[in-house]
Each structure stands twice: as structure tokens, then as C-alpha cells.
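Enquirer: This is the structure I want to talk about, given as C-alpha cells.
The values are calculated or read from the model by the stated rules, or taken from the named source; none is laboratory data. Everything numeric in this text was worked out from a predicted model, so none of it was measured. Here Cβ is always computed from backbone atoms with ideal geometry, including for glycine, and neighbour counts include all displayed protein chains. When the accessible area is computed, the model is the full protein with side chains, heavy atoms only, and any ligands, DNA or RNA have been set aside. Shrake-Rupley method; radii C 1.70, N 1.55, O 1.52, S 1.80 Å.
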Amino acid sequence: MIRFVCECGTQLQVRDEHAGKRVACPSCQRQVIVLEEPQPLEAVQANLPLRRAEEALEEKGEIEDRPRRGQPSNTSRKAVTSLVLGILSLFCNVLTGVPALILALLAFRDIGRSRGRLSGQGLAIAGIATACVCTLLSCGIVIPVTSMSVGLLLPAVQKVREADNRKTSINSLILLGLGMQHYQMVNGGRFPAAAICDKEGKPLLSWRVAILPYIQQEHLYNQFNRDEPWDSPNNKKLIARMPLIYKLPGDETPSSNTTHYQVFVGNGAAFDKTRGHLLQEFRDGRSNTILIVVAENAVPWTKPEDLEFDPRSPILPLMSGHFQGGFLVILGDGSIHVIPQDISENSLKAAITRSGGEEFLRKW
């Protein structure tokens, strides 16, 4: 039997086969994930400020289409399959067109019931559209229309997929920002350092490991040996367990354990390697200082490697162009912004420094 504690304080007990599944608390009706090694009540209560902050954002509509357990939303497999069958129906007519329509309708039902855990409405719509083209073809429309339809639909599908990925990335940044704020509240108003260091100041593990307890990953955090480097025998085994929140949606990097979510380090940026900064050290204002960005190059998520800020070097090449329209960033006050790709280097550097005293010209 597995014994664990709900957030409301009720002690629960379930059979071993329920490990990893959701059960409803009989007291508060909250959906709780059953862990093989359950958290004690103190650990559950320590995460309540973050959960309450997330629930407040959900009520305001600032976090959309994501699971309530702090992970970005997953795309419905039925919606994806519907789109694939819809495209194949352009060549196989009703053999795949009818299943595409059925799967699309089932995908809409699942997405509606998931309460934000599933996304992919756009993919289901595209599946229905391609299946309808199949019907036209079966009525005698000539083959050249098929190739033309595919050429017109694929860009639309790509735009839908990119919009879905971008929304998921925004949700991840919001949750990482909440984790930073929770860390700062618990640790005397001080943000984390860019790295967990040893007594000599040698970086061992990334800030992404340091905030794990504040993004509902305390169980994973406790398995790290924080006196050893990120690639030590014990810590290296944990790289494969990267939380989904650190994965950039749409990233085609072969390794699934690298992340594009990074911070600027040194020379007046929001982070330094060995020391976290207090709120009062952000003299430019937290709403004028970049906290986390989507970087161009990915790094192992536990490795203490981020973007070194050098005011004399170009910054724009370090930023990611994974999404059209600009670069995604989260500021020190938790707000998400899209920085246009044509921003000047001076304006960008002014936004990176926390107390440079520059005139900050936000034009995005």
C-alpha cells in the first residue's frame, strides 16, 4: 500500500498499482498524483504558495491550456492522427477520409474534457479540412487539385503548429518565473545564483536544478548530490529525467535532455555565477530587467552553462529565433514579452542589466 498526503492535509492510502496515476481526495475532491515515494506533509505545504499563484493566474486567464500539475500541455494524438489521415485521404479518398473525420471529432471531445491538459484544436480542424477535400475528389475533381490543396494546406498546418508551440513555451516561461518568485520569497528576497557552487566557487549544477523544489520537483531535487558536478556518476544519471517544463516545444535537437531556457550571467546582468541578488539590487526595476530568455543554442539542463553577458559583444546572435515575430523573454516581475528581432543592441543590453542606469526604451 502507498500512503501519502493531499494538499489539504488529508492522509490517503491506495494500492501499489495506482502509483503514477491520479486519484480524487475524498475531502477536497482535488486530483492528486500518487508518487512511488510520496512527499511528506511539510513538502506538500511548502509548495502551496506556488500552486495558489498558479491558480490565481488561471482564474485571470493568463495561463491557458496546460495541466494543473505544472507541466506544459500535450498535443492530442487523435488530432495529430486525424491530420495525417486527412492528408492521406487526398490520395486514398474515403478510405482514410472518414476515419480522419471521426478522430477529429473524438479529439475535440478529449480536448474539451482535459481541462487544459491537451491541445491541438488547430490540428483537428486541419484534419477535417483535408478530409473534406477528399469528398470533393471523390466527386470527380481532377488530380491537379490534390497537389494544389496540399501546397495550400501545409503552410497553414505549420502556422497552427508553431502557434501551439509558442503558447506552450509561454506557459513554461510563466511557470519558471513563478518558480523564481517562490525561490525568492523563501530565501529572504534573494534570487538564485546562476549555479550551485562548491566552497571554492566552482560551478557544479545549474540554477535549473536549484529551483526544482519550487516547480513541484522536490523529489527529483533530493536525488542530486549537490556537492558534486553535473556530470558526476550520480548526477549524470539524472540528466535523462529532465522535467518537461525545460523542453522547448518544436525543438528538433536529437537529445531530449537539453534546454534553450537560459539566463544572462555577469557584468551587471540579473544573475552571477556564485551569488544571487536581492530585490533591492534591481535598481533599474524588475519590470525593466530580463530574467529568463529562449537562447539560440541548447545546453544540458543540469549543466551550469548559460549566456555570458559582455556589453562589448553583440547579444542578438545569442537569442533564439525559434518563433516568428521576435524573441520570448520573461522579466523580473514575471511578465512575458516578445522582443522584436530588429531591436537595437543598446536597448537590449539596457534590458539585460539590473542596475545600469540606462534609459530603458521598451518598444515591444
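Enquirer: Just to be sure before I move on: is PRO192 crowded, with 18+ Cβ neighbours inside 10 Å, in a loop (DSSP other than H, G, I, E, B), modelled with pLDDT of 90 or more and not charged (D, E, K, R) in the structure I sent?
Expert: Answer is yes for this residue.
Enquirer: Could you list, in sequence order, all residues of the stretch 286-326 that are under 16 Å from the mean Cα position of the chain (by Cα) and free of Cβ contacts under 8 Å to residues at least 24 places away in the same chain?
Expert: None - no residue of the stretch 286-326 is under 16 Å from the mean Cα position of the chain (by Cα) and free of Cβ contacts under 8 Å to residues at least 24 places away in the same chain, so the list stays empty.
Enquirer: Continuing with the same structure: Tell me which residues, restricted to the stretch 306-326, are in a strand (DSSP E or B) and out of contact with any Leu (no Cβ under 7 Å at 6 or more places or on another chain).
Expert: GLU308, MET319 - these are the residues of the stretch 306-326 that are in a strand (DSSP E or B) and out of contact with any Leu (no Cβ under 7 Å at 6 or more places or on another chain).
Enquirer: Continuing with the same structure: If you check VAL338, VAL329, which single one turns out to be more than 30 Å from GLY201 (Cβ to Cβ), part of a strand (DSSP E or B) and either touching a residue at least 60 places away in the same chain (Cβ under 8 Å) or under 23 Å from the mean Cα position of the chain (by Cα) (or both)?
Expert: VAL338
Enquirer: Within the stretch 216-235, can one find any residue that is surrounded by fewer than 19 Cβ atoms within 10 Å (Cβ to Cβ) and at positive phi?
Expert: No.
Enquirer: Only residues in the stretch 274-285 that are under 22 Å from SER206 (Cβ atoms) count as the first member; pair them with residues that are open to solvent by 30 Å² or more (accessible area, probe 1.4 Å) and among the hydrophobic types (A, V, I, L, M, F, W, C), Cβ under 6 angstrom, at least 6 apart or cross-chain, and list the lot.
Expert: Close Cβ pairs (under 6 Å, with a partner that is open to solvent by 30 Å² or more (accessible area, probe 1.4 Å) and among the hydrophobic types (A, V, I, L, M, F, W, C)) amount to THR274/CYS197.
Yes/no per residue for (1) open to solvent by 20 Å² or more (accessible area, probe 1.4 Å); (2) out of contact with any helix residue (DSSP H, G or I) (no Cβ under 6 Å at 6 or more places or on another chain); (3) at pLDDT 90 or above; (4) in a loop (DSSP other than H, G, I, E, B):
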residue: GLN158; (1), (2), (3), (4): yes, yes, no, no
residue: ASP164; (1), (2), (3), (4): yes, yes, no, no
residue: LEU176; (1), (2), (3), (4): no, yes, yes, no
residue: GLY179; (1), (2), (3), (4): no, no, yes, no
residue: HIS182; (1), (2), (3), (4): no, no, yes, no
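Enquirer: Shifting gears a bit: Would you confirm, using the coordinates I've provided, whether THR289 is of a type in the set (S, T, N, Q) and out of contact with any Leu (no Cβ under 7 Å at 6 or more places or on another chain)?
Expert: Here the answer is no, as THR289 does not meet what is asked.
Enquirer: For the stretch 284-305, state whether one or more residues are assigned to a helix (DSSP H, G or I), closer than 25 Å to ILE196 by Cα and modelled with pLDDT under 90. Give the steps one after another, and end with the answer.
Expert: Restricting attention to the stretch 284-305, the residues satisfying the condition of being assigned to a helix (DSSP H, G or I) are 286-288.
Subset that is closer than 25 Å to ILE196 by Cα: 286.
So of that shortlist, the ones also modelled with pLDDT under 90 come out as 286.
Looking for residues that are assigned to a helix (DSSP H, G or I), closer than 25 Å to ILE196 by Cα and modelled with pLDDT under 90, one finds at least one in the stretch 284-305, hence yes.
Enquirer: Please go through the stretch 236-287 and pick out each residue that is of a type in the set (Lys, Arg) and either open to solvent by less than 10 Å² (accessible area, probe 1.4 Å) or within 15 Å of PRO304 (Cα to Cα) (or both). First the steps, then the outcome.
Expert: Start the filter on the stretch 236-287 by keeping residues that are of a type in the set (Lys, Arg), which leaves 236-237, 241, 247, 273, 275, 283, 286.
LYS236, LYS273, ARG275 - these are the residues of the stretch 236-287 that are of a type in the set (Lys, Arg) and either open to solvent by less than 10 Å² (accessible area, probe 1.4 Å) or within 15 Å of PRO304 (Cα to Cα) (or both).
Enquirer: Additional query: Any residue in the stretch 229-241 that is closer than 14 Å to ALA210 by Cα sitting within a Cβ distance under 8 Å of a residue that is part of a helix (DSSP H, G or I) and open to solvent by 50 Å² or more (accessible area, probe 1.4 Å)? List the pairs, counting only those 6 or more apart or interchain.
Expert: So the pair list comes out as TRP230/LYS236.
Enquirer: Is the stretch 87-107 home to any residue that is modelled with pLDDT under 70, under 19 Å from THR168 (Cβ atoms), open to solvent by less than 70 Å² (accessible area, probe 1.4 Å) and of a type in the set (A, V, I, L, M, F, W, C)?
Expert: Checked against the condition, which is being modelled with pLDDT under 70, under 19 Å from THR168 (Cβ atoms), open to solvent by less than 70 Å² (accessible area, probe 1.4 Å) and of a type in the set (A, V, I, L, M, F, W, C), the stretch 87-107 yields no hits at all.
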